[in-house]
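Enquirer: One structure is given below, represented as structure tokens, and several questions about it will come after.
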Amino acid sequence: MGEQIKYQSRGAYQDLYDESIRNPKGFWARQADLIHWHKPFDKVLDDSKPPFAAWYVGGQTNLCYNAVDRHLDQLGDKPALIYVSTEVDQEKTYTFRQLHQEVQIAAAMLQKMGVKKGDRVLIYMPMIPEATFAMLACARIGAIHSVVFGGFASHSLASRIDDAKPKVIVSADAGSRAGKVVAYKPLLDEAINKANHKPDNVLMVNRGLIAFDQVHGRDQDYTTLRKELANAKVPVTWLQATDTSYILYTSGTTGKPKGVQRDVGGYTVALAASMKYIFMGEAGKTFFATSDIGWVVGHSYIVYGPLVAGMATVMYEGLPIRPDAGIWWKIVQDYKVSVLFSAPTAVRVLKKQDPAYLSKYDLSSLKALFLAGEPLDETTSQWISSAIGKPIVDNYWQTETGWPILAVQRGIEEMPGKLGSPGVPVFGFNVNVLSEDTAQPCKVNEKGVVAIEGPLPPGCMQTVWGDDERFVKTYWSSFKTRQVYSTFDWGIRDEDGYFFILGRTDDVINVAGHRLGTREIEESISSHSAVAEVAVVGVADQVKGQVAVAFAILKSMDALDAAQSKTLEAEIMKVVDGQLGAVARPARVYFVNVLPKTRSGKLLRRSIQAVCEGRDPGDMTTIEDPTALEQIKASMN
Ligand code: ATP
Ligand code: MG
């Protein structure tokens with residue numbers, strides 16, 4: 001594929017990576033030994049119908065078996081699932097043996113409701129242990145789960161019900177956020193009413209948080225069934241490696257959600273390999289991902305990844321700053337967390353709090369903090385790294401890939417990180433920066449589209465649920481001359497082979513003929529010491545075509561008067577002038593208290609842009625805080 005970039009002094013990584021690209025079949029055949037196979041595969045890879053890739057054809061295995069049963073001998077009495085809720089003040093630890101029993105009970109409930117291999121089960125749940133039991137129970141019996149983020153409104157939920165067509169929905173009466181009850185059941189009932197497809201049954205976990213109506217004959221009570229099935233033994237259903245494990249809808253930052261469909265065997269192997277080589281996972285230790293089971297990080301690194309690796313996993317229901325900003329670090333101390341995984345957005349929240357909380361607890365068990373999901377600006381990265389004194393490992397991936405595409409892979413060898421970079425290609429991913437026009441690799445430090453050569457490695461999406469054509473059209477048709485997977489992110493690769501992500505391909509603005517990534521401008525503005533967080537969008541301008549407009553949240557909560565705002569705005573503009581040049585200077589910098597984000601913490605730049613241009617922001621069901629857009633509007637007056 002054109003010029004090869006030399007990685008300097010990274011022997012072990014380089015060897016492993018090179019082999020994974022040169023000889024993917026040999027490489028992945030070897031990685032397959034990381035998991036248990038009921039029946040060995042006949043063929044490592046069938047890529048006879050590109051861009052589709054079928055891994056471990058003919059092999060039989062089971063994700064739940066690998067996550068739970070396989071550890072019973074060695075780790076049966078060791079913690080597997082650690083539930084911590086600062087919302088309802090509860091902590092509970094399940095050993096692998098206890099988890100094994102709970103999963104069998106949940107599996108028996110699903111079977112009792114007629115769920116069979118290949119049936120879909122939609123899980124609409126808060127962060128409680130039953131959610132994990134339900135996911136593993138599906139995996140155990142070969143039902144396909146589709147977890148929908150709890151707290152999505154009825155409209156989003158209804159469209160996912162119609163797409164996945166679940167036989168059963170598992171839900172709960174309510175979640176809790178910042179101490180306030182968030183009712184789920186009424187939303188669920190509304191969604192089922194709206195949807196054309198109707199589930200046979202709804203399995204309800206009643207947490208006693210709200211009173212709710214039961215639909216007779218349809219709704220079943222988890223506690224009642226649990227008692228009835230307390231000693232259930234449900235053997236693992238051995239599945240084809242290529243069977244579907246789950247559907248997960250993308251977070252919808254850029255449009256209509258797509259049902260990402262994942263397999264069984266490839267996913268299990270990819271997770272096992274990532275736990276070893278990227279996350280430095282060790283059986284018997286504790287992993288804590290602060291995400292939610294509704295997102296891909298929750299699937300791969302709250303539930304499946306750590307358990308497959310024999311680690312205890314923390315399931316945390318609560319905010320990072322409640323009861324105070326020390327809560328994560330207290331969990332790290334109390335449960336001797338060795339790997340912590342979070343998102344830059346959460347770290348920016350901490351940045352606004354008293355830094356003393358970060359040095360209050362014993363963090364000696366912690367090896368590193370992994371961050372993913374959006375660009376990690378240098379300032380935030382430096383701040384958190386010096387505050388906790390641990391390595392920060394930025395890693396870049398997508399719901400579609402299921403596990404990291406780019407990362408500094410410390411499980412292979414001690415590799416240096418670079419500020420602002422999520423690192424180098426992960427083994428298995430033949431990833432490159434391609435010119436938009438020629439589909440050929442860009443030169444060093446030249447901007448292009450981050451793209452992956454097919455076949456995608458194990459663990460990545462198989463197709464769009466129910467729509468092969470959309471899979472090919474959406475992801476594999478960006479370049480006219482050849483079929484390559486597009487990430488729809490801009491990036492560059494430097495002389496050492498490190499990648500830098502410059503934002504999404506649709507987040508580019510064109511100022512008087514200059515194409516600028518909004519991310520670059522955001523990075524520059526973030527380097528001003530007063531700024532905690534910022535969003536930059538391109539707004540239509542009669543003269544220049546588009547201009548950059550910035551919305552910033554300041555570290556200090558004190559309101560600015562008009563004169564102070566003006567001064568600060570001018571200062572920020574000067575920073576951008578100095579770093580990127582006057583062409584990138586935002587036309588205006590507005591100050592707000594909150595930015596519109598999806599519930600997974602991703603900036604809704606498109607909606608901000610629409611508001612700035614006086615257009616309708618469109619479907620807002622995924623927005624975290626609806627008042628955020630009003631603030632944007634108000635700040636401009
Ligand atoms: P949708 O695809 O529905 O629009 P989404 O892209 O926000 O939603 P995800 O799959 O959760 O849904 O997010 C993946 C995207 O997040 C990447 O394509 C990239 O834009 C961004 N991203 C993830 N990790 C990083 C990172 N470490 N650095 C920079 N950007 C990142
Ligand atoms: Mg995406």
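Enquirer: Taking segment 618-637, which residues are of a type outside the set (D, E, K, R), more than 23 Å from the chain's Cα centre (by Cα) and surrounded by fewer than 17 Cβ atoms within 10 Å (Cβ to Cβ)? Spell out how you get there, then give the answer.
Expert: Looking only at segment 618-637, we keep the residues that are of a type outside the set (D, E, K, R), and these are 618, 620-623, 626-629, 631-632, 634-637.
Keeping just the survivors that are more than 23 Å from the chain's Cα centre (by Cα) gives 618, 627, 629, 631-632, 634-637.
Scanning segment 618-637 gives G618, T627, A634, S635, M636, N637.
Enquirer: Going through segment 165-213 one residue at a time, which ones are of a type in the set (G, A, S), open to solvent by less than 10 Å² (accessible area, probe 1.4 Å) and over 20 Å from F133 (Cα atoms)? Full working, then the answer.
Expert: Restricting attention to segment 165-213, the residues satisfying the condition of being of a type in the set (G, A, S) are 171-172, 174-176, 178-179, 183, 191, 195, 208, 211.
From the residues that got through so far, the ones that are open to solvent by less than 10 Å² (accessible area, probe 1.4 Å) too are 171-172, 174-175, 191, 195.
Across segment 165-213, the qualifying residues are A191, A195.
Enquirer: Now for a different question. Which ranges mark the strands (runs of 3 or more DSSP E) fully within segment 9-99 that have 3 or more residues being open to solvent by 60 Å² or more (accessible area, probe 1.4 Å)?
Expert: Working: elements: 43-46, 54-57, 79-85, 90-95.
It comes to 90-95.
Enquirer: Quick check on L376: is it buried (at least 18 other Cβ atoms within 10 Å of the Cβ) and assigned by TED's automatic domain parsing to the domain that holds A32?
Expert: On the way: buried (at least 18 other Cβ atoms within 10 Å of the Cβ): yes; assigned by TED's automatic domain parsing to the domain that holds A32: yes.
In short, yes.
Enquirer: With the checklist (1) touching a strand residue (DSSP E or B) at 6+ places or on another chain (Cβ under 6 Å); (2) within 16 Å of ligand 1 (Cβ to nearest atom); (3) open to solvent by less than 20 Å² (accessible area, probe 1.4 Å) in hand, flag the one item V347 doesn't pass.
Expert: (1)
Enquirer: Another one. If we scan segment 255-263, do we find a residue that is more than 16 Å from ligand 1 (Cβ to nearest atom), over 28 Å from A610 (Cβ atoms) and without any contact (Cβ under 8 Å) to a residue 40 or more places away in the chain? Outline the logic, then answer.
Expert: Residues of segment 255-263 that are more than 16 Å from ligand 1 (Cβ to nearest atom), as a first pass: 263.
Still in the list and also over 28 Å from A610 (Cβ atoms): 263.
Applying the additional criterion that residues be without any contact (Cβ under 8 Å) to a residue 40 or more places away in the chain yields none.
No, because not a single residue in segment 255-263 is more than 16 Å from ligand 1 (Cβ to nearest atom), over 28 Å from A610 (Cβ atoms) and without any contact (Cβ under 8 Å) to a residue 40 or more places away in the chain.
Enquirer: Can I ask one more? Does D362 meet the test of being over 27 Å from D18 (Cβ atoms), within 16 Å of ligand 1 (Cβ to nearest atom) and either of a type in the set (S, T, N, Q) or in contact with a helix residue (DSSP H, G or I) (Cβ under 8 Å, 6 or more places away or on another chain) (or both)? Spell out the reasoning first.
Expert: Working: over 27 Å from D18 (Cβ atoms): yes; within 16 Å of ligand 1 (Cβ to nearest atom): no; either of a type in the set (S, T, N, Q) or in contact with a helix residue (DSSP H, G or I) (Cβ under 8 Å, 6 or more places away or on another chain) (or both): yes.
So D362 does not fit the description; no.
Enquirer: In addition: Looking at segment 525-543, is at least one residue open to solvent by 30 Å² or more (accessible area, probe 1.4 Å), part of a strand (DSSP E or B) and either more than 16 Å from ligand 2 (Cβ to nearest atom) or free of Cβ contacts under 8 Å to residues at least 24 places away in the same chain (or both)?
Expert: Yes, segment 525-543 contains a residue that is open to solvent by 30 Å² or more (accessible area, probe 1.4 Å), part of a strand (DSSP E or B) and either more than 16 Å from ligand 2 (Cβ to nearest atom) or free of Cβ contacts under 8 Å to residues at least 24 places away in the same chain (or both).
Enquirer: For segment 429-441, enumerate the residues that are open to solvent by less than 10 Å² (accessible area, probe 1.4 Å) and in contact with a Ser or Thr (Cβ under 9 Å, 6 or more places away or on another chain).
Expert: Of everything in segment 429-441, those that are open to solvent by less than 10 Å² (accessible area, probe 1.4 Å) and in contact with a Ser or Thr (Cβ under 9 Å, 6 or more places away or on another chain) turn out to be F429, V431, L434, A439.
Enquirer: Quick check on S478: is it within 16 Å of ligand 1 (Cβ to nearest atom), more than 23 Å from T380 (Cβ to Cβ) and part of a strand (DSSP E or B)?
Expert: Numbers: within 16 Å of ligand 1 (Cβ to nearest atom): yes; more than 23 Å from T380 (Cβ to Cβ): yes; part of a strand (DSSP E or B): no.
Considered against the rule, which asks whether it is within 16 Å of ligand 1 (Cβ to nearest atom), more than 23 Å from T380 (Cβ to Cβ) and part of a strand (DSSP E or B), S478 comes out as no.
Enquirer: Report yes if D558 is acidic (D, E), open to solvent by 20 Å² or more (accessible area, probe 1.4 Å) and over 28 Å from V297 (Cα atoms), otherwise no.
Expert: yes
Enquirer: Another question, then. Being of a type outside the set (S, T, N, Q), open to solvent by 20 Å² or more (accessible area, probe 1.4 Å) and in contact with a helix residue (DSSP H, G or I) (Cβ under 9 Å, 6 or more places away or on another chain) is the filter here, so list the residues in segment 220-248 that pass it. I'd like the intermediate steps shown before the answer.
Expert: Looking only at segment 220-248, we keep the residues that are of a type outside the set (S, T, N, Q), and these are 221-222, 225-230, 232-236, 238-239, 241, 243, 246-248.
Adding the requirement that they be open to solvent by 20 Å² or more (accessible area, probe 1.4 Å) leaves 221, 226-230, 233, 235-236, 238, 243.
Scanning segment 220-248 gives R226, E228, L229, A230, K233, P235, V236, W238, D243.
Enquirer: Still on this structure, please answer the following. In segment 563-620, how many are over 22 Å from E374 (Cα atoms) and β-branched (V, I, T)?
Expert: Matching residues across segment 563-620 total 5.
Enquirer: Taking only segment 271-293 into account, find how many residues are away from ligand 1 (no atom under 16 Å from the Cβ) and of a type in the set (A, V, I, L, M, F, W, C).
Expert: First pass over segment 271-293, keeping only residues away from ligand 1 (no atom under 16 Å from the Cβ): 271-273, 275-277, 280-288.
Checking which are of a type in the set (A, V, I, L, M, F, W, C) leaves us with 271-273, 275, 280, 283, 287-288.
So the count comes out to 8.
Enquirer: Output the residues belonging to segment 504-524 that are open to solvent by less than 50 Å² (accessible area, probe 1.4 Å), under 19 Å from G578 (Cα atoms) and not small (G, A, S). Outline the logic, then answer.
Expert: Pass one, segment 504-524, residues open to solvent by less than 50 Å² (accessible area, probe 1.4 Å): 505, 507-509, 511, 516-519, 521-524.
Still in the list and also under 19 Å from G578 (Cα atoms): 511, 516-519, 521-524.
Of everything in segment 504-524, those that are open to solvent by less than 50 Å² (accessible area, probe 1.4 Å), under 19 Å from G578 (Cα atoms) and not small (G, A, S) turn out to be V511, L516, T518, R519, I521, E522, E523.
Enquirer: Residues in segment 191-198: is at least one charged (D, E, K, R) and either in contact with a strand residue (DSSP E or B) (Cβ under 6 Å, 6 or more places away or on another chain) or assigned to a loop (DSSP other than H, G, I, E, B) (or both)?
Expert: Applying the first criterion (charged (D, E, K, R)) to segment 191-198 yields 194, 198.
So of that shortlist, the ones also either in contact with a strand residue (DSSP E or B) (Cβ under 6 Å, 6 or more places away or on another chain) or assigned to a loop (DSSP other than H, G, I, E, B) (or both) come out as 198.
Looking through segment 191-198, at least one residue is charged (D, E, K, R) and either in contact with a strand residue (DSSP E or B) (Cβ under 6 Å, 6 or more places away or on another chain) or assigned to a loop (DSSP other than H, G, I, E, B) (or both).
Enquirer: Does segment 468-497 hold any residues that are within 16 Å of ligand 2 (Cβ to nearest atom) and either among the acidic types (D, E) or open to solvent by 20 Å² or more (accessible area, probe 1.4 Å) (or both), and which are they?
Expert: R470, K473, T474, S477, S478, F488, D489
Enquirer: Continuing with this model, one more query. Looking at segment 596-614 only, could you name the residues that are touching a strand residue (DSSP E or B) at 6+ places or on another chain (Cβ under 7 Å), farther than 12 Å from E630 by Cα and in a loop (DSSP other than H, G, I, E, B)?
Expert: L604, E613
The values are calculated or read from the model by the stated rules, or taken from the named source; none is laboratory data. Just so it is clear, the model here is predicted, and its values are computed rather than measured. All Cβ positions, glycine included, derive from the backbone under ideal geometry; neighbour counts span all protein chains shown. Please note that ligands, DNA and RNA were not included when accessible areas were found on the heavy atoms of the full protein model with its side chains. Shrake-Rupley method; radii C 1.70, N 1.55, O 1.52, S 1.80 Å.
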